[in-house]
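Please treat every number below as a calculation from the coordinates, not as lab data. These numbers come from a predicted model, not from an experiment. Here the Cβ is made from the backbone with ideal geometry for all residues, glycine too, and neighbour counts use every protein chain on show.
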Amino acid sequence: MFAFYTQIMYTLDMSTKYASFIKYLRTKRGISQSVVAEKLGLSRQSYMAVERGIREMTLQEAEKLCELYGISIEELSKVTAPQYEKYKQMILAYLKSPVSTDGRVPKTKLAKLLYLADFAWYYEKLESMSGMQYLRRAYGPVPDPYFRALDELEGEGKITIDRKGEAMLVSIGAGASRQKLDLLQGEEVELMKKISTKWKDKRSQEIVDFTHEQLPYKLCAPDEAIPYELITQEDPEYVY
């Protein structure tokens, strides 16, 4: 039993991956932040930090939350964890697809394509492709590790980034020739190909405007974690 709770504590320390799920549970039941905060013995400000993914929950707080929502601690611990290496493979998969006429894509547009893949996959399968947590930024939904992933892939020679123009253009690098996309399912790669084909000839601003008009972005506050569950309320033609 001690080992089990030790593992739960470890996973709950990764609070950012639970932020959108916790908010979804609360809003689905129509409960205010103040009510949940009181149940957990927190100030409203502290609980708001939990929903934003910037404050960790203790095991005791998590148990109280589960009691409030009628779920088990095991169910909470099974929330999809971010798969950073898979996310990097998604970047490479897009760059190997018909993403543009010359194989180069603006960094902003690439970030939106990744977002659309993750949320479209959730729309179809009720699970995220990468499990990354997307934040509502002024320029669109993006997970903070996106920029680190680009830097790492560039350092490994798997992508190249042209910084000469106003928009940084990303393309596949020579080092990606032997990179296996073994963390991606065939269906996932096919979905990304469909998305890249649809947006191939579109400008970055067009895809930015599209994601800004989707429900997940519109319903969240600036810098807030975007719950994947919100995409299920979107009309099918506006998923990607």
### Message
Sort 29, 104 by Cβ crowding within 10 Å, fewest neighbours at the top.
### Response
29, 104
### Task
Work out from phi, with θ = phi - 60° and the Karplus expression 6.51 cos²θ - 1.76 cosθ + 1.60, the ³J(HN,Hα) of each residue of the range 215-230, listed in order in whole Hz, and give x for Gly and Pro.
4, x, 6, 5, 8, 9, 7, x, 6, 7, 5, 8, x, 4, 4, 5
### Task
Give me Rg over Rh for the chain, both radii from the alpha carbons and Rh done the Kirkwood way, two decimal places.
1.00
#### Entry: Theoretical FRET efficiency, 1/(1+(r/R0)^6), r = Cβ-Cβ of residue 124 and residue 58, R0 30 Å, to 0.05
0.25
### Query
Under 15 Å from a point 7 Å along the Cα-to-Cβ line of residue 138: which residues of the range 191-225 have their amide N that close?
222-224
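Quote the Stokes-Einstein diffusion coefficient, in whole µm² s⁻¹, for the range 72-157, based on the Kirkwood radius over alpha carbon pairs, a temperature of 25 °C and a viscosity of 0.890 mPa s.
In µm²/s, the coefficient is 177.
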### Amide H within-cut-off set for residue 137, under 5 Å, with H built and near neighbours excluded
142, 223
### Query
Around residue 44, what is the net charge, scoring Lys/Arg as +1 and Asp/Glu as -1 over all other residues with Cβ under 15 Å from its Cβ?
+2
### Task
Largest first and to the nearest Å, give the Cα extent of the range 88-227 along each principal axis.
41, 35, 27
### Message
If each DSSP helix of 4+ residues adds -39,500 (n - 2.57) and the sum is divided by the residues in the chain, what number results at 222 nm, nearest 500 deg cm²/dmol?
### Response
-15500 deg cm²/dmol
### Summary
Distribution output for the range 168-219: share of Cα-Cα pairs per 5 Å bin in percent, first bin at 0, values 4, 14, 14, 21, 21, 16, 7, 3, 0
### Query
Whole-Hz Karplus ³J(HN,Hα) for the range 165-182, in order, using 6.51 cos²θ - 1.76 cosθ + 1.60 and θ = phi - 60°, x for Gly and Pro?
x, 5, 9, 5, 9, 9, 9, 5, x, 4, x, 8, 4, 9, 6, 7, 9, 7
### Task
Sort 147, 119 so that the residue with the fewest other Cβ atoms within 10 Å of its own Cβ comes first and the one with the most comes last.
147, 119
#### Entry: Sorted by Cβ density within 10 Å, fewest first, the residues 171, 97, 34
34, 171, 97
